[in-house]
Amino acid sequence: MELILDTADAAAVRELSDCFAVSGVTTNPTIITRSGKTPEEVARQMIKVLHPHQKFFMQVIATDTQGILADAHAIKALQVADGPEMCVKIPVTPEGYKAMKTLSTEKMTVLATAIYSADQGFMAALNGVQYLAPYVNRMDNYGDGVREVSDLLSMLAKAGLTTKVCAASFKNVRQIHELIKEGIDAVT
Ligand code: G3P
């Protein structure tokens, strides 16, 4: 199972990586804005503290398909030889789904994000992404987030899809604990 940190704080990543088996880092525009840093600064700092066996997921900013594709290529272009694998996060909007289909033919790790239902995640998996990020706590606000993610895991398994589920948006340890019991691939 992959343990991923959802942060723009490179010092925290360094500290936690010394204690735990950290597989990588995810960020999103909200986390970066709250950090007071620019996306470029965050990327520079993360690339310095992460290693080649780890992944760094950055989210696209554009909302139209052409812009999303341009952002994705710009993120991938940040890849350096001794740095983490640069991966791209794309929200599951109609324009995002189109970009995922296009990128599935390229050598790029894509994570479909802001997933609010098992069905939204399943459709992204069919479009060829490598990771799905369902928002557990946000789904808990109107239902049962853990159950929804558990359904997604079953749907992928039944369909023979190897897409990894990286559950996100947690507000307590119980949510994480329950998903590890369900066999989640990754948590951030
Ligand atoms: O990775 C997604 C996460 O950052 C969203 O979390 O706490 O805003 O629901 P939250």
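Report yes if LYS89 is part of a strand (DSSP E or B) and among the basic types (Lys, Arg), otherwise no.
Values: part of a strand (DSSP E or B): yes; among the basic types (Lys, Arg): yes.
When the stated conditions are applied, LYS89 passes them.
Taking the criterion of being touching a strand residue (DSSP E or B) at 6+ places or on another chain (Cβ under 7 Å), away from the ligand (no atom under 14 Å from the Cβ) and in a loop (DSSP other than H, G, I, E, B), the only residue of region 148-172 that qualifies is THR163.
Take the residues in region 31-54 that are surrounded by 15 or more Cβ atoms within 10 Å (Cβ to Cβ) and among the β-branched types (Val, Ile, Thr), then tell me which one is farthest from ALA99 (Cα to Cα). Before you say what the answer is, go through the steps one by one.
Taking region 31-54 first, the residues surrounded by 15 or more Cβ atoms within 10 Å (Cβ to Cβ) are 31-32, 35, 37, 39, 42-43, 45-47, 49-50, 54.
Restricting the remaining residues to those that are among the β-branched types (Val, Ile, Thr) gives 31-32, 42, 47, 49.
Details: ILE31: 23, ILE32: 23, VAL42: 24, ILE47: 25, VAL49: 30 Å.
So, considering only residues that are surrounded by 15 or more Cβ atoms within 10 Å (Cβ to Cβ) and among the β-branched types (Val, Ile, Thr), the one farthest from ALA99 (Cα to Cα) is VAL49.
Here GLN175 fulfils each of the conditions (1) away from the ligand (no atom under 15 Å from the Cβ); (2) of a type outside the set (Ser, Thr, Tyr); (3) surrounded by fewer than 22 Cβ atoms within 10 Å (Cβ to Cβ) apart from (1).
Checked against the criterion of being within 16 Å of the ligand (Cβ to nearest atom), touching a Gly at 6+ places or on another chain (Cβ under 8 Å) and touching a residue at least 40 places away in the same chain (Cβ under 8 Å), region 134-145 has at least one qualifying residue.
Within region 110-129, the only residue that satisfies the criterion of being within 16 Å of the ligand (Cβ to nearest atom), closer than 20 Å to MET58 by Cβ and part of a loop (DSSP other than H, G, I, E, B) is VAL129. Selection of region 1-28 for residues being among the acidic types (Asp, Glu) and away from the ligand (no atom under 15 Å from the Cβ) yields GLU15, ASP18.
So that you can scan it fast, the table gives a plain yes or no per residue for (1) without any contact (Cβ under 8 Å) to a residue 60 or more places away in the chain; (2) charged (D, E, K, R); (3) touching a helix residue (DSSP H, G or I) at 6+ places or on another chain (Cβ under 8 Å):
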| site | (1), (2), (3) |
| --- | --- |
| SER35 | yes, no, yes |
| LYS48 | yes, yes, yes |
| GLN59 | yes, no, yes |
| THR65 | yes, no, yes |
| ILE68 | yes, no, yes |
| ASP71 | yes, yes, no |
| LEU78 | yes, no, yes |
| ALA81 | yes, no, no |
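Condition (residue is among the charged types (D, E, K, R), surrounded by 17 or more Cβ atoms within 10 Å (Cβ to Cβ) and within 16 Å of the ligand (Cβ to nearest atom)) applied to region 55-68: is it met by at least one residue? Quick ask: steps written out before the conclusion?
Initial filter on region 55-68 (among the charged types (D, E, K, R)): 55, 64.
Among the residues that remain, those that are also surrounded by 17 or more Cβ atoms within 10 Å (Cβ to Cβ) are: 55.
After this cut, where a residue has to be within 16 Å of the ligand (Cβ to nearest atom) as well, the list is 55.
So far as region 55-68 goes, yes, one or more of its residues are among the charged types (D, E, K, R), surrounded by 17 or more Cβ atoms within 10 Å (Cβ to Cβ) and within 16 Å of the ligand (Cβ to nearest atom).
Suppose the filter is part of a helix (DSSP H, G or I), farther than 25 Å from VAL22 by Cβ, away from the ligand (no atom under 11 Å from the Cβ) and over 18 Å from the mean Cα position of the chain (by Cα); does ALA99 pass it? The answer is no for ALA99.
Just to be sure, is ILE90 within 15 Å of the ligand (Cβ to nearest atom), under 20 Å from THR26 (Cβ atoms) and touching a strand residue (DSSP E or B) at 6+ places or on another chain (Cβ under 8 Å)? It is true that ILE90 is within 15 Å of the ligand (Cβ to nearest atom), under 20 Å from THR26 (Cβ atoms) and touching a strand residue (DSSP E or B) at 6+ places or on another chain (Cβ under 8 Å).
Read-outs: derived from the displayed coordinates by stated rules, not from any lab. Keep in mind that this is a model prediction, so the values were computed, not measured. With ideal geometry, Cβ positions are generated from the backbone for all residues, glycine too; neighbour counts draw on all protein chains shown.
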